[in-house]
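Beneath this line is the structure, given in structure tokens, with notes to follow.
The values are calculated or read from the model by the stated rules, or taken from the named source; none is laboratory data. Please read these numbers as outputs of a predicted model, since none were measured by experiment. A quick note on method: Cβ atoms are made from the backbone with ideal geometry, for glycine too, and the neighbour counts reach across all protein chains shown. Side chains are part of the model used for accessible areas, which takes the heavy atoms of the whole protein and leaves out ligands, DNA and RNA. Shrake-Rupley method; radii C 1.70, N 1.55, O 1.52, S 1.80 Å.
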Amino acid sequence: YTNRFTEDDDVVVFVKLSSGAELLWPWEKFNTRLVEMVKLWQEWQNCEALGESLPERAPENDPFVDQESQLVGEADVWLQSLANMIDLDADTSILTPFGNIEGKLNVEINPCDKNGNPGPWEEDDDLDPFVDEPSELLDTDIIFQVKINNLKFESQNSKMEGGGCRYENVFVRYKFNMDDYDEKWTVSPEDKSKSLTPTFNFGKKHTVFVTSEILKHITTGRIIFQVWGNVKQSGSSARPTTTRAAQISMKRAELERIDKALEKRKAICDCPHCKKDVTWKEDAE
């Protein structure tokens, strides 16, 4: 899929564990996990040859168990209202990396007065930060509050069989300006309710000096809110079997083929003489 920040093509792998968890792993993570799965398979083969049982592993050392937070999806909130210092209350769709709607996220972006207080100002023109033209904000400090209120999971993918939410320990994070690599993520507290309607009631105030670049950002740009959570897993780890070992071996061979194809593509893309009029196709074999 196309990375929304870099506009490069990124590879992710859809993983379905025997525990029932359905995950999206970045290519690098999948590659690392597959190597660990092969090592576990070889360890199992050695135990089988000796007539011994494979020792249990702690979940954090088991490649078939994933306890890391997963990116559920992203929600875009456009900033035009902030350019006029007007309150915004938005229910915006949470989109998965493949563009599927996972639910709705409710956020607010509320301008503050020169004292750092949000409205209403009851017709007090001296405190009301409203401007007719965004250009009036140039070379001034603006203060605003971002509030992450709650979200609602709506897709069937977010629901467990028999009811309940597939995600737990859900949190939201964002940056005001994704192009600012020095800006730290603002992160909400985790909601541990395991509910389809996590609640955060989290707010943070920001003070920003409006340069020409910031003015363009608040006029035409957006804040991207990322929703993260752990995918619930039930049952035991997937222990190697003869059938599973064969499947792992096939997957490793397929991985090596794809790696070679990606290296070939990179070599073509990096060649200064080959960048024009080049159509790359993965080897069919």
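A compact table of results
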{"read-out": "Stokes-Einstein diffusion coefficient of region 1-160, Kirkwood radius over Cα pairs, 37 °C, 0.692 mPa s, in µm²/s", "value": "161 µm²/s"}
{"read-out": "Solvent-accessible surface (1.4 angstrom probe) belonging to residue 39, in square angstrom, nearest 10", "value": "110 Å²"}
{"read-out": "Calculated Rg and Dmax of region 169-221 using C-alpha coordinates, Å", "value": "14.4, 43"}
{"read-out": "Protection proxy ranking of 48-57, 215-224 - average other beta-carbon atoms within 10 Å, highest first", "value": "215-224, 48-57"}
{"read-out": "Solvent-accessible area of residue 135 with every protein chain in place, 1.4 Å probe, in Å² to the nearest 10", "value": "80 Å²"}
{"read-out": "Sparsely packed GluC sites (Glu not before Pro) within region 79-175, loop by DSSP, other Cβ within 10 Å at most 16", "value": "122, 123, 154, 161"}
{"read-out": "Given 159/260; 16/264; 29/184; 232/264; 29/205; 184/232, the pairs whose alpha carbons are separated by over 26 Å", "value": "159/260; 16/264; 232/264; 29/205; 184/232"}
{"read-out": "Listed residues 86, 100, 172: farthest to the positive end of the dipole of region 69-196 (Cβ charges)", "value": "100"}
{"read-out": "Pairwise centroid distance, computed over Cα atoms, of region 161-221 with region 89-160, Å", "value": "10 Å"}
{"read-out": "Region 142-235 - convex hull of alpha carbons, volume per residue in Å³", "value": "119 Å³"}
